[in-house]
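The values are calculated or read from the model by the stated rules, or taken from the named source; none is laboratory data. Values in this document were obtained by computation on a predicted structure and should not be read as measured data. Methodologically, a virtual Cβ is constructed for each residue, glycine included, from the backbone with ideal geometry; neighbour enumeration extends over all protein chains shown. Just so you know, the surface numbers come from the protein's heavy atoms only, side chains and all, with ligands and any DNA or RNA stripped out. Shrake-Rupley method; radii C 1.70, N 1.55, O 1.52, S 1.80 Å.
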Amino acid sequence: MAITFNVNGSPVKVEAPAETPLLWILREYLKLPGTRFGCGAGLCGACMVHVDGDRAFSCQTSVSAVSGRSVTTIEGLSKDSTHPVQQAWLAEQVPQCGYCQSGHIMSAAALLAHNAKPSRDEIVEYMSVHICRCGTYPRILSAIQRASQEG
Ligand code: FES
Ligand code: FES
């Protein structure tokens, strides 16, 4: 079926089976590789994007579910990496291998959009859906606290 939606501010129309995961559409159809495939089961957070401003696991979201809606991927979070979360990530030198990081950044941006001054516990709770094999959790916490203070 043909599905029309918005990605990073631009309308797109894709021909795909309705139940195709949004993650596949982003990576394979639209060539936006910043959103990562980790577990494919809603367990790691590597595939996190925004749908109408709220975070969503793109591996668990069918493309038909975003028909007529707005999707933002890491490529669309800012034009030039100037989003406060991206700046804080750089300042705290968060990534190691980097594989999981776009998902973390998208969650952090969604958190701060809804709660500009989260407590430490609120950050830990919100980010607990993510897994980082490299163990960057302390730096992620520091970066979100920095973005909250400076953003
Ligand atoms: S790839 Fe979607 S949660 Fe792991
Ligand atoms: S930075 Fe390597 S998996 Fe998170």
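Quick rundown of the values:
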item: Assigned charges on the beta-carbon of Lys, Arg, Asp, Glu; the range 1-110 dipole about Cα centre (debye); result: 80
item: Magnitude of the charge dipole, the range 68-151, Cβ model with Lys/Arg +1 and Asp/Glu -1, debye to 20; result: 60
item: Cubic angstrom per residue, convex hull over Cα atoms of the range 1-68; result: 75
item: Separation of the Leu90 and Ala65 label points, Cα + 7 Å toward Cβ, nm; result: 3.4
item: In nm, spacing of pseudo-spin labels at Ala113 and Glu28 (7 Å Cα→C-beta vector); result: 2.7
item: Of Ser142, Cys59, Ser119, farthest towards positive along the dipole that unit charges on Lys, Arg, Asp, Glu beta carbons give the chain; result: Ser142
item: Eligible lysines near Lys13 by straight Cα distance, threshold 27 Å, same-chain separation 8 or greater; result: Lys31, Lys79
item: Neighbour-limited loop hits for GluC sites (Glu not before Pro), the range 1-110 (at most 13 other Cβ within 10 Å; DSSP other than H, G, I, E, B); result: Glu19
item: Neighbourhood charge, 12 Å Cβ-Cβ cut-off, centred on Phe5 and excluding it, Lys, Arg +1 and Asp, Glu -1; result: +1
item: Neighbourhood net charge (14 Å Cβ-Cβ; Lys/Arg +1, Asp/Glu -1) for Cys100; result: +3
item: Mean separation of Cα contacts under 8 Å (6+ apart) over length of the chain, as relative contact order %; result: 25
item: Computed log₁₀ I(q)/I(0) - Debye formula, equal Cα scatterers, no solvent, the chain, q 0.17 Å⁻¹; result: -0.91
item: Estimated [θ] at 222 nm from DSSP helical runs (n ≥ 4, -39500 (n - 2.57)) normalised by residues in the chain, nearest 500; result: -8500 deg cm²/dmol
item: Accessible surface of the chain [probe 1.4 Å, protein heavy atoms]: carbon and sulfur percent; result: 51
item: Where the range 1-70 is the region considered: accessible area per residue in Å², 1.4 Å probe; result: 47
item: Normalised contact order of the range 21-72, rounded percent, pairs of Cα under 8 Å and 6 or more residues apart; result: 36
item: Virtual spin-label span in nm between Ser81 and Val14, 7 Å along Cα→Cβ; result: 2.6
